[in-house]
Structures are given as C-alpha cells and as structure tokens.
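The values are calculated or read from the model by the stated rules, or taken from the named source; none is laboratory data. Bear in mind the structure is a predicted one, so any value in this text is a computation, not a measurement. We place every Cβ from the backbone using ideal geometry, glycine too, and count neighbours over all the protein chains shown. To get the accessible areas, we keep the full protein, side chains included, count just its heavy atoms, and leave off ligands, DNA and RNA. Shrake-Rupley method; radii C 1.70, N 1.55, O 1.52, S 1.80 Å.
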Amino acid sequence: MILKELSEAYGVSGNEDDVRSIVVDAVQDHVDDIQIDALGNVLTVKHGTGEDPMRVMLAAHMDEVGLMVVDHDDKGLLKVQAVGGIDARLLPGTLVAVGRDRISGVIGIKPIHMVESDEMKKVSKIEDLMIDIGAKKKDEAEEAAPLGTYATFATRYRELGPTVTGKAFDDRAGCAVLVELLRGERFSFDLHGVFTVQEEVGLRGAQVAAYAVHPDCAFVLEGTIADDTPKEKKDVSPTTEVGKGPAITVMDRSFIADRRLVQLLTGTATELGIPCQIKQPGRGGTDAGAIHLSREGVPSVAVSVPARYIHSPAALLSLQDFDDTVRLMRESLSRLAWETLR
C-alpha cells in the first residue's frame with residue numbers, strides 16, 4: 001500500500017525530496033502533465049472528458065514536522081529546533097533519523113534515577129533537548145550532521161488490526177488519497193492534483209501552487225486530529241473520531257469552507273451511505289487557508305482522514321476511513337459541475 005511507503009519516507013518541511021520521488025513515480029503514468037515548480041510542489045494535470053471547462057484543484061502536502069540541527073556541544077551532542085508544531089513532551093527518549101544518511105540518534109533525557117522531585121513536573125523545552133548520535137566530540141558531530149541538517153522520527157509503519165500506525169499521516173494520508181484519485185477514471189473537468197511543500201511552516205507551497213493553477217474550486221486532502229481518546233471532561237466533543245468516516249471541515253483557523261462544496265460532500269455521503277463526520281469547527285489549519293485567498297478567491301473545502309496522535313512519533317488511523325475518504329471524494333467529484341457553484 002502506498003500509504004506505507006509514504007509514511008516511512010522522510011520529508012520534513014523544505015526537504016520533501018524523497019516524498020516527491022514517490023508521488024511522481026506513483027502518478028506519472030496516470031496524468032497528462034507533471035511539473036515541479038521552483039519551491040518543489042508537484043503539479044499534475046489529468047485532463048477531463050471535455051464535458052465541463054472547470055479547473056478543479058486537489059491538494060495534499062508532502063511535508064511533515066521534524067527537527068533541525070542548530071548547534072553542537074563539546075561532547076558531540078546535537079542541539080535542535082522544531083520545524084513545524086511539535087509537542088516537546090513527546091520527544092525525550094525518541095529515536096530519530098538524522099540527515100541524508102539516516103544516522104540513528106536518540107533524543108536524550110536525564111535518567112529518572114537522577115531527576116529531582118521538582119523536575120518531574122517540568123517539561124523540557126525543545127531548545128534544551130539534544131540528539132545523541134554517538135559522536136564523541138564536537139568536530140565529529142559537525143561532520144556527521146552540519147548546521148541545517150534535518151532529523152525526523154524513525155518510525156516504521158505497522159498494522160494494528162483494522163487500523164495502522166506510522167509517522168507523518170499528516171499529511172501522507174492525504175497524499176495517498178490524492179494518488180488513488182489520480183490513478184482513477186477521468187472526470188468531466190480537468191483535475192489538477194498538487195502535492196505541496198512547506199505546509200507545516202506556513203502553507204507556503206500551496207500559496208504558490210494555487211496562483212499557478214488558478215482553479216475554479218479546490219479540495220484539500222488531509223490527515224487531521226482525532227482526539228477521541230478518554231478525556232477528563234466527559235462533555236468535551238472530540239474534534240473527529242477514528243472509525244466514523246472522512247471528516248469534512250466547515251471552519252478552522254485558516255479558512256471557512258465553501259458551503260456549496262460542503263453540501264456536495266455531505267449530500268453525496270447521505271445518498272450513497274458513506275459514513276462521514278463534521279470536524280469540530282475552529283481547530284487547526286490546512287492548505288485551504290492559502291488556496292482560498294489566491295487571485296480573486298477560490299471556493300475551497302478540506303476533507304480529511306481522522307488520525308490519532310498526529311505531529312507525534314506515531315499516529316493511528318482506520319483503513320476503512322481511508323477507503324471511505326477515497327470513495328467520498330471520487331463520488332463527489334463525479335457529481336461536481338459548474339451548477340454546484342451557482
């Protein structure tokens with residue numbers, strides 16, 4: 001399954017080369033044109049049957065959160081900063097892969113036997129943590145991992161019954177959905193499938209890509225927050241839930257979804273009995289935040305595969321949710337026409 005290959009690829013923001021190679025290989029025989037722009041976005045075109053002159057953009061971002069080496073200490077340890085949003089609580093003791101050679105490393109922490117009681121209640125800042133790659137001195141560490149070297153979680157993709165776990169499901173899940181759609185049948189309109197860069201650090205690739213594509217409407221494909229594990233407050237609604245189908249965003253911190261496209265998606269789901277859910281409004285942000293502001297404006301919506309523990313060393317999603325997301329998108333696109341936006 002391409003989700004496994006995508007999940008295990010390394011692609012921290014600004015360093016999406018490996019992911020880009022995978023998606024290009026996966027779709028190049030199924031599209032009519034494929035280009036890589038100046039920032040590294042993959043822009044594909046799958047021509048329609050000629051029945052509708054619309055330009056429809058589907059976008060999924062290739063990058064993942066990670067770390068970057070910013071200094072070295074005298075003992076050969078690597079000082080790092082976050083690239084994208086990472087919770088420092090998750091990092092101590094985590095295995096990472098450093099640089100192009102995938103050097104194995106571990107994010108160090110003081111042994112519990114030596115921790116004072118008052119320290120137990122504190123969370124170390126990322127800037128105070130270091131990666132240990134086994135170097136014995138500073139120059140050895142500098143040679144192995146120069147300033148600007150990326151590090152990412154060294155996580156393998158695994159099946160857990162009807163679910164799977166792996167890193168970077170935000171947004172390799174969306175990339176895998178887009179690959180499946182591009183491999184499928186043509187629609188009545190030209191489909192512009194875009195794999196974007198640098199979403200996690202400011203929706204940068206999407207801004208450039210949307211300007212180039214100049215779409216009539218856009219669908220952003222994501223792996224999104226599922227916080228359906230037990231909570232202290234029982235009256236708090238989960239953002240989304242694993243196993244309840246694709247999540248449709250009506251509003252988040254970056255945009256308000258086009259109501260006509262939301263209605264298309266929910267109506268298709270109801271008609272065909274495809275489970276879906278509305279993402280709890282106001283949380284997170286996606287490439288739609290940049291796309292919908294492009295040029296004179298682009299009607300946009302986000303459709304996501306719910307995943308627990310995103311932006312962590314290992315996330316978890318339902319394969320049925322993934323399949324239902326592909327089906328909902330395919331069926332909705334087959335119903336999309338100019339009349340939808342009028």
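So the values come out like this:
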| item | result |
| --- | --- |
| Two-site FRET efficiency, Arg183 against Arg158, from Cβ-Cβ distance with R₀ of 30 Å, rounded to 0.05 | 0.75 |
| Solvent-accessible heavy-atom area per residue, rounded to whole Å², over the chain at 1.4 Å | 46 Å² |
| Amide H within-cut-off set for Ile278, under 5 Å, with H built and near neighbours excluded | Ile248 |
| Residues whose placed amide H lies under 5 Å from that of Ala302, excluding near-sequence neighbours | Val220, Thr249 |
| The stretch 176-264: GluC sites (Glu not before Pro) in DSSP loop, at most 15 other beta carbons within 10 Å | Glu185, Glu232 |
| Electrostatic dipole magnitude of the stretch 145-236 [Cβ: Lys, Arg +1; Asp, Glu -1; Cα centre; debye, to 20] | 320 debye |
| Built amide H within the under 5 Å cut-off of Val96, gap 5+ | Gly105, Val106, Ile107, Ala154 |
| Calculated from backbone phi, Karplus (6.51, -1.76, 1.60) coupling profile of the stretch 146-159 in Hz, x at Gly/Pro | x, 3, x, 5, 8, 9, 9, 5, 8, 10, 9, 6, 9, 8 |
| Of Lys167, Lys79, Lys125, the one that fluctuates the most in a GNM where the chain has Cα springs shorter than 10 Å | Lys125 |
| Cα convex hull of the chain - mean projected area over all directions, nm² | 18.7 nm² |
| Max mean-square fluctuation residue, GNM over the chain, Cα-Cα springs under 10 Å, options Arg283, Arg327, Arg172 | Arg283 |
| Column: log10 I(q)/I(0), Debye, Cα scatterers of the stretch 141-300, q = 0.19 Å⁻¹ | -1.44 |
| Distance between the stretch 142-196 and the stretch 274-341 - C-alpha centres, whole angstrom | 15 Å |
| Hz values of 3J(HN,Hα) by residue in the stretch 41-47 - Karplus curve (6.51, -1.76, 1.60), Gly and Pro given as x | 4, 9, 10, 10, 10, 10, 5 |
